[in-house]
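See structure below.
Derivation of every value follows stated rules applied to the coordinates shown; laboratory data play no part. Just so you know, these numbers come straight off a predicted model, no measurement behind them. Note that each Cβ is placed from the backbone with ideal geometry, even for glycine, and that neighbours are counted across all protein chains shown.
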Amino acid sequence: TYVIAQPCVDLKDKACIEECPVDCIYEGERMLYIHPDECVDCGACEPVCPVEAIYYEDDTPEEWTDYYKANVEFFEDLGSPGGAAKLGLIPKDHPLISALPPQAA
Ligand code: F3S
Ligand code: F3S
């Protein structure tokens, strides 16, 4: 799967959403999350993120390896919705993200 990491927090550019052929990039309050079972590893989202927040799981920079868990655990209570568009904004974040101070530049 691919993983969204810290640069997305409080920015949410959303260019990635347009590229994903399976609509598996879900919007939380402060960042977006990739569904680990719905992502087909096409990689289309990765180059379009203006802040390089998206990585293939094995290529996630050391300081952001926790974000793999954050993307997976975000969906623990959601299961596999099968499409992000119909859910829209999901009013929560993973605790790792909620605990961050404001990231906006
Ligand atoms: Fe976030 Fe980059 Fe997508 S900032 S919303 S991962 S384009
Ligand atoms: Fe979609 Fe990116 Fe996966 S475009 S299928 S989330 S690699």
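With K and R counted +1 and D and E -1, the other residues having a Cβ less than 12 Å from that of VAL9 yield a net charge of -2.
A Stokes-Einstein calculation at 10 °C with viscosity 1.306 mPa s, built on the Kirkwood radius of the chain over Cα pairs, returns a diffusion coefficient of 118 µm²/s. Full extension of the chain between ALA104 and ASP41 gives 19.8 nm of extra length, using 0.36 nm per residue less the Cα-Cα distance.
Here the extension length gained between ASP23 and GLU73 equals 16.2 nm, from 0.36 nm per residue of separation less the Cα-Cα distance. As a proxy for reagent exposure, ranking ILE4, ILE97 by other Cβ atoms within 10 Å from fewest up yields ILE97, ILE4.
Between the beta carbons of LYS92 and ASP10, assuming R0 = 22 Å, the FRET efficiency works out to 0.90 to the nearest 0.05.
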